[in-house]
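Asks: Dropping the structure in here first, questions after.
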Amino acid sequence: MSDNRPANNPNQPRQVPLLDLPRQQAEFSAEIDEALKRVTSGAAYILGPEVKMLEQQLASYLGVAHCSGVASGTDALVIALRALAIVRTGKEYFSPDDEVIVPSFTFTASGEAVLHAGATPVFVDIDPATFNINPEAAAAAVNSHTIGLMPVHLFGNPCPMDAIMELARKHDLFVVEDVAQAFGASFGPSKLGSFGTGAFSFFPSKNLGGFGDGGAVTTGEEELATVIRMLRTHGGRDKYNAEHIGYNSRLDTLQAAVLLVKLKHVERLNRCRRAIASYYDQHLCGLDWLTLPSAVPGGEHVYNQYTVRVLNGKRDLVQEKLREKGIGTAVYYPVPLHRMNLFAGRCKTAGSLEQTERACAEVLSLPIEPLLTEAELAYAGQCLRDL
Ligand SMILES: *Cc1c(COP(=O)(O)O)cnc(C)c1O
């Protein structure tokens, strides 16, 4: 093994990584090497047969009519929004008067994509129990300029899609789901990404991750799917008759080949993530300085992160103590979008963002590597209980 970290005695681990991509890679390397060899010997590097195959398998797994591979999760969001602008308004971009309601507690790209599509993000607060957009705050933010909603299924936890879709129907709003962190999660009987237009990321640390950047857009609407496919290749139906201001944003054939292998294992890895979460739920409950995450009723959480709240202003101290004990943690996210310079003068806020601010100060994500051993998990749990 070319791993240069200190060796972990398997029976008495003293290191527990937040995530361990080399470990996952070792598990699948034979299968993946073979798949990569097939691509390099065929040399169809751009939109080769593996891309189409992956798109079909993803569409079938997610229960959607159309799925298009793109170059990243960020591009998936941008292209979804641009395609909606084209189909809904007949214009290339939305206008700054057009408002899209987005949670402020998310990764930068969720809000940034709205700006790329020409609209204005309106940041609303989260439900403190789930870290996800508060549907009541979203409802209160709707006005005559509102054109769409962007629920972000943060940390792998489904947003309450019944309330979101009801709100969208009531005001004729589009819904773009940011499913970057929630591949395979569901709400009720349906997979996420099948409610609205779905934007997925295959960034290596996501639940379905490639060997670099990648993403996909899902939709049930044929016309939208056509425009999405046009936008990813310079806005044309064919190579030399461009109609829209497009992008070069394709999913690499090599990435598709890796993802086809990993897709076969994603359910098992998601089950591992859920088992780790359930271990933490059982072994960390009752600590008075800690609040454990809760899943939305009716949703199946896939734990891209297991994110707790550390109370009483002790988050940074706890993180440091855990680091000393070899426990990998991370803060997602320390800065809400409405506080970033990027959005200054380019966004609106609606209602109080108190829960967002509180989450940024309290959250800490614990080791969620799906292939953690029981001994590693037990050590992490013990370290947390001993704090
Ligand atoms: C990762 C992520 C993205 C962006 O995906 P990339 O593939 O990195 O461009 C968007 N939204 C959220 C919530 C993410 O976690």
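Each value in this text was obtained by applying a stated rule to the coordinates, not by laboratory testing. No experiment lies behind these values; they were computed from the predicted model shown. As a convention, Cβ positions derive from the backbone with ideal geometry for all residues, glycine included, and neighbour counts pool all protein chains shown.
Asks: Quick check: net charge around Met340, other residues with Cβ under 12 Å of its Cβ, Lys/Arg +1 and Asp/Glu -1?
Replies: +1
Asks: Given the chain, what percent of its DSSP beta bridges are antiparallel, to the nearest 5?
Replies: 60 percent
Asks: Also, I was wondering about something else. For region 142-254, state the semi-axes of the equivalent ellipsoid (square roots of 5 times the eigenvalues of the alpha-carbon gyration tensor), sorted largest first and rounded to whole angstrom.
Replies: For region 142-254, the ellipsoid semi-axes come out as 25, 21, 11 Å.
Asks: Moving on. Order by neighbour count: Thr218, Thr356, fewest other Cβ atoms within 10 Å first, most last.
Replies: Thr356, Thr218
Asks: Can you list the lysines whose alpha carbon is less than 19 Å from that of Lys314, not counting same-chain residues fewer than 8 positions off?
Replies: Hits, sequence-local ones excluded: Lys325.
Asks: Computed FRET efficiency, Cβ-Cβ of Ala242 and His265, R0 30 Å: what is it to the nearest 0.05?
Replies: Computed FRET efficiency for Ala242 and His265 comes out at 0.20.
Asks: Debye sum, Cα scatterers, the chain, no solvent: what log₁₀ I/I(0) at q = 0.08, 0.11 1/Å?
Replies: Debye intensities relative to I(0), on a log10 scale: -0.41, -0.78.
Asks: Oh, and also: Quick check on region 40-80: take the gyration tensor over C-alpha atoms, sort the square-rooted eigenvalues as a ≥ b ≥ c, and tell me if it's rounded (a/c under 1.5), prolate or oblate.
Replies: Verdict is oblate for region 40-80.
Asks: Can you grab the distance from the C-alpha centre of region 178-252 to the C-alpha centre of region 265-300, Å, no decimals?
Replies: For region 178-252 versus region 265-300, the Cα centre distance is 28 Å.
Asks: For the pairs Lys52/Lys264; Lys91/Lys239; Lys52/Lys91, note any where the Cα-Cα span goes beyond 18 Å.
Replies: With Cα atoms farther than 18 Å apart: Lys91/Lys239; Lys52/Lys91.
Asks: Same structure again: I want the local charge near Val122. Using Cβ-Cβ distances under 13 Å, sum +1 for each Lys or Arg and -1 for each Asp or Glu among the other residues.
Replies: That sum, taken over residues with Cβ under 13 Å, equals -2.
Asks: Under a Cβ-Cβ cut-off of 15 Å, what is the net charge of the residues other than Lys170 that fall near it, where Lys and Arg count +1 and Asp and Glu count -1?
Replies: -3
Asks: If you rank Met165, Met150 by fewest surrounding Cβ atoms within 10 Å, what's the result?
Replies: Ordered from fewest to most neighbouring Cβ atoms within 10 Å, Met165, Met150 come out as Met165, Met150.
Asks: Viscosity 0.692 mPa s, temperature 37 °C: give me the Stokes-Einstein translational D for region 210-351 in µm²/s, with Rh taken as the Kirkwood radius over C-alpha pairs.
Replies: Approximately 164 µm²/s, per Stokes-Einstein.
Asks: Another question, if that's okay. Whole Å is fine, so just give me how far the alpha carbon centre of region 320-387 lies from that of region 23-62.
Replies: 33 Å
Asks: For region 1-156, what class follows from the C-alpha gyration tensor (a ≥ b ≥ c being the square roots of its eigenvalues): rounded when a/c is under 1.5, otherwise prolate if a/b is larger than b/c, else oblate?
Replies: Cα axes put region 1-156 in the oblate bin.
Asks: Evaluate the Debye formula for region 267-387 with equal point scatterers sitting on the alpha carbons, no solvent, and hand back log10 of I(q)/I(0) at q = 0.10, 0.14, 0.22 Å⁻¹, in q order, two decimals.
Replies: -0.36, -0.67, -1.31
Asks: Of all alpha-carbon pairs in region 34-125, indicate the percentage at a distance above 14 angstrom.
Replies: Tail of the P(r) past 14 Å holds 72 percent of the pairs.
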